[in-house]
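A short write-up of the structure that comes next.
The values are calculated or read from the model by the stated rules, or taken from the named source; none is laboratory data. Keep in mind that this is a model prediction, so the values were computed, not measured. A quick note on method: Cβ atoms are made from the backbone with ideal geometry, for glycine too, and the neighbour counts reach across all protein chains shown.
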Amino acid sequence: MKYILLLLFPLSVQAQVTEVVEVPGLTKDQIFISARQWVVTSFVDSKEVLQLSDKETGEISGAGISSVVMKLPNFAGNQPVWFRFRVAIWCKDGKYKYSFSDFSDAYVGKPGDTRNLLFRSFEPAETKESNVIMMGKKKNQQMYEDLKAAINKNMTSTAESLKASVNKKPVDF
């Protein structure tokens, strides 16, 4: 999955998406290798995303960029909305914990190009104004709610992708 968004008012997306997942019969090393492989294949630039990969402690962490596609007022058609977040995975024998948190910088455009910033952070919407779309408080609030729901759905899908990757049987050569 590849993600990007550009809006300027805070997003109060679920503050953190986290879960402990039991995977009986898998060692810490097997889980770690599968989770690291998932990070490498799931993000546009895994070298930029992956900030810590410590097999000894079983910890993987980094900064992700993802996107949701949605109809935005004052834009023609559906637009990719990109956003940033932190990803962390901790591996132990028979289980792992993942966390997606610190959602920020929702913008329209290309990944990493925040000129069309819609939201800076995911705080209560009343405290921010749209930087790009001038359309009134009610429409801004609706766009904010739609975006928040889309990002939560996206993170649920991202978590399911991680689970599917880790739960695959290791392949022996």
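For the range 50-106, the set of residues classified as of a type in the set (Asp, Glu) and buried (at least 20 other Cβ atoms within 10 Å of the Cβ) consists of ASP105 only. Of the candidates GLU123, GLU145, the single residue that is of a type in the set (Asp, Glu) and at pLDDT below 65 is GLU123.
Is one or more of the residues making up the range 90-100 touching a helix residue (DSSP H, G or I) at 6+ places or on another chain (Cβ under 6 Å), of a type in the set (Lys, Arg) and modelled with pLDDT of 75 or more? Yes; the residues of the range 90-100 include at least one that is touching a helix residue (DSSP H, G or I) at 6+ places or on another chain (Cβ under 6 Å), of a type in the set (Lys, Arg) and modelled with pLDDT of 75 or more. Considering SER161, SER130, SER157, the condition of being in a loop (DSSP other than H, G, I, E, B) and either modelled with pLDDT of 75 or more or polar (S, T, N, Q) (or both) is satisfied by SER130 alone.
Would you confirm whether any residue within the range 47-66 is at pLDDT 80 or above, among the hydrophobic types (A, V, I, L, M, F, W, C), part of a strand (DSSP E or B) and under 29 Å from TYR144 (Cβ atoms)? The answer is yes; a qualifying residue exists.
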